[in-house]
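Peer 1: My questions all concern the structure below.
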Amino acid sequence: MAKMSIRGISLNVKIMGKGYPLVLMHGGPGADLYTMMGFKPLADQFSLIFYDHRCNGRSTGVDVTTMTFENLTADADALRQTLIINLLLDLPASLGADRQSRSSETVACPVTVCATLWNHGKRLEIETTVDNRAEDHRLRVHFPLGGADAGYTAGHYQVHGRLPTNPLPYMDGWVEQPRPELPQRTFSTLMDEDGNMTITAPGLYEVELMRTDAGGELVLTLLRCVGWLSRPDLSTRSGGAGPSLPTPGSQEQGMQRFHYAVIPHPGDWHSAAGQVEGFDLPLRAVNAGLHAGSLPAKCSLVQTSGLILTAVKASEDGHGLAVRGWAPAAGPVRIHPWKRFSYGCQARIDETPLDDVQVEPDGTVTVDARENEVVTVVVSG
């Protein structure tokens with residue numbers, strides 16, 4: 001049994017058999033996947049995919065008012081575009097008593113990987129669920145890219161150029177051994193002359209850009225399970241890094257769920273920035289009743305270029321719109337709201353006006369930004 005996040009729902013899914021896939025849909029409302037178990041004998045010829053429809057069985061996450069034929073059909077279509085992989089990792093249960101080796105006892109850790117490619121999508125979205133029953137280990141995902149010779153990792157307001165590295169040698173006499181892992185905020189990139197790959201993983205902060213015989217690999221840490229705040233007997237450093245306190249909760253036992261995405265793209269990381277932000281900050285919709293309004297049926301609230309958008313909000317004075325973002329490179333930043341405002345200014349982060357800026361006939365406002373500058377523009381009128 002697996003839980004899959006699809007269209008804002010956590011679908012309860014059960015897969016069995018092998019061969020050509022068949023998605024089996026139960027009746028309802030009030031039914032569940034077990035009403036379809038009469039088809040189990042077909043598992044010797046087909047991969048059978050059973051699931052609880054939204055608002056039925058063990059599927060959760062949405063209100064019963066969303067159970068329409070349109071949503072049920074769209075859910076099935078989304079499920080059809082998802083590859084589900086079930087693994088069973090047989091891992092050492094923990095460190096051995098000498099803390100220099102792994103225990104001979106092993107535990108089975110079930111892993112489910114759901115990879116979804118949406119219609120017209122430009123990224124492969126992955127949800128990995130791990131039932132972690134082992135201690136004192138690290139679990140990582142490897143993404144190989146043959147020929148990769150350069151890359152980037154993203155900080156809060158900087159993107160750092162990186163080179164894939166070989167395993168670092170042991171440095172005799174060092175207090176702390178050098179490590180190849182790197183910090184990231186939302187994404188890291190590997191670059192190859194035939195194409196590039198960005199992995200966006202909000203909430204996962206450790207990566208490694210590894211050099212291999214075939215080129216490079218981007219390695220993303222999912223779990224790092226430890227039992228102590230610090231120890232004086234670690235092989236990676238001489239002496240402790242703090243008090244030797246047990247931290248049993250840091251073993252990360254039980255069900256763990258991770259979301260990340262693979263973005264193939266030309267050019268450097270700028271080409272993937274929109275997809276990174278879209279995955280990190282997905283659209284959130286709110287149901288509203290029928291009402292009059294002046295907005296067209298389809299529009300973008302704000303379009304930008306030269307800017308990584310971080311905030312769009314009503315201005316503090318209540319008369320306009322404040323747009324804020326980070327300029328990764330020096331040059332012009334263009335902000336185009338959905339309508340033309342009569343006044344614009346560049347402002348401090350508290351929206352104190354700095355310099356007036358010209359509003360072009362189509363409503364676009366342009367400011368010159370320094371590299372890595374946080375830009376705030378307020379428009380009104």
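Since every read-out is calculated from the coordinates, none of them should be taken as a lab result. Keep in mind the model is a prediction, meaning the values are calculated, not measured. All Cβ positions, even for glycine, are placed from backbone atoms using ideal geometry, and neighbour counts span all protein chains on display.
Peer 1: Give me the Å³ per residue figure for the convex hull around the C-alpha atoms of segment 28-74.
Peer 2: 86
Peer 1: So, one more: Lysine pairs, Cα distance under 16 Å, 8 or more residues apart or cross-chain: how many in the chain?
Peer 2: Pairs that pass both the separation and distance tests number 5.
Peer 1: Just from its helices, what would the mean residue ellipticity at 222 nm be for the chain, if runs of 4 or more DSSP H residues each count -39500 (n - 2.57) and the sum is divided by every residue, rounded to the nearest 500 deg cm²/dmol?
Peer 2: When only DSSP H runs of four or more count, the value is -1500 deg cm²/dmol.
Peer 1: By count of other Cβ within 10 Å, fewest leading, how are S294, S188, S244 ordered?
Peer 2: Listing S294, S188, S244 from fewest to most nearby Cβ atoms yields S294, S244, S188.
Peer 1: Stokes-Einstein at 37 °C, 0.692 mPa s, Kirkwood radius from Cα pairs: D for segment 237-333 in µm² s⁻¹?
Peer 2: 172
Peer 1: Any chance you could check the Cα centroid distance between segment 145-186 and segment 305-357 for me, in angstrom?
Peer 2: The two parts, judged by their Cα centres, are 35 Å apart.
Peer 1: Work from the charge dipole of the chain (Cβ charges, +1 for Lys and Arg, -1 for Asp and Glu, about the Cα centre) and give the residue of T112, Q177, G267 farthest towards its positive end.
Peer 2: T112
Peer 1: I would also like to ask the following. Neighbouring Cβ atoms within 10 Å as the yardstick, rank V226, V323 fewest first.
Peer 2: Ascending number of Cβ neighbours within 10 Å: V226, V323.
Peer 1: Sticking with this structure for a sec: Give the Debye-formula value of log10 I(q)/I(0) at each listed q (0.12, 0.14, 0.21 Å⁻¹), with one equal scatterer per alpha carbon of segment 302-380, two decimals each.
Peer 2: -0.26, -0.36, -0.86
Peer 1: Treating only the Cα positions of segment 1-80 as identical point scatterers, give the base-10 log of I(q)/I(0) from the Debye formula at each q in 0.13, 0.15, 0.18 Å⁻¹.
Peer 2: -0.36, -0.48, -0.68
Peer 1: Quick check on the exposure proxy: order K122, K3 from fewest to most C-beta atoms within 10 angstrom.
Peer 2: Lowest count first: K122, K3.
Peer 1: With viscosity set to 0.890 mPa s and temperature to 25 °C, compute the Stokes-Einstein D of the chain, Rh being the Kirkwood radius across alpha carbon pairs; µm²/s, no decimals.
Peer 2: My calculation gives 99 µm²/s for D.
Peer 1: With each pseudo-label sitting 7 Å past Cα toward Cβ, what's the K40-W338 distance in nm, one decimal?
Peer 2: Computed distance between label sites K40 and W338 equals 5.2 nm.
Peer 1: So, in Å, what gap is there between the alpha-carbon centers of segment 210-240 and segment 28-97?
Peer 2: The two parts, judged by their Cα centres, are 35 Å apart.
Peer 1: Just going by the charge dipole of the chain, with Lys and Arg at +1 and Asp and Glu at -1 on Cβ, which of G216, I9, A311 is farthest out on the positive end?
Peer 2: About the Cα centre, the residue reaching furthest to the positive side is I9.
Peer 1: Okay, next question. Work out the length of the dipole vector of segment 24-177 about its Cα centre, built from +1 on the beta-carbon of each Lys and Arg and -1 on the beta-carbon of each Asp and Glu, and round it to the nearest 20 debye.
Peer 2: Value, rounded to 20: 240 debye.
Peer 1: Assigning unit charges at the beta carbon (Lys, Arg +1; Asp, Glu -1) and nothing else, what dipole magnitude in debye, to the nearest 20, does the chain show about its Cα centre?
Peer 2: Result for the chain is approximately 880 debye, rounded to the nearest 20.
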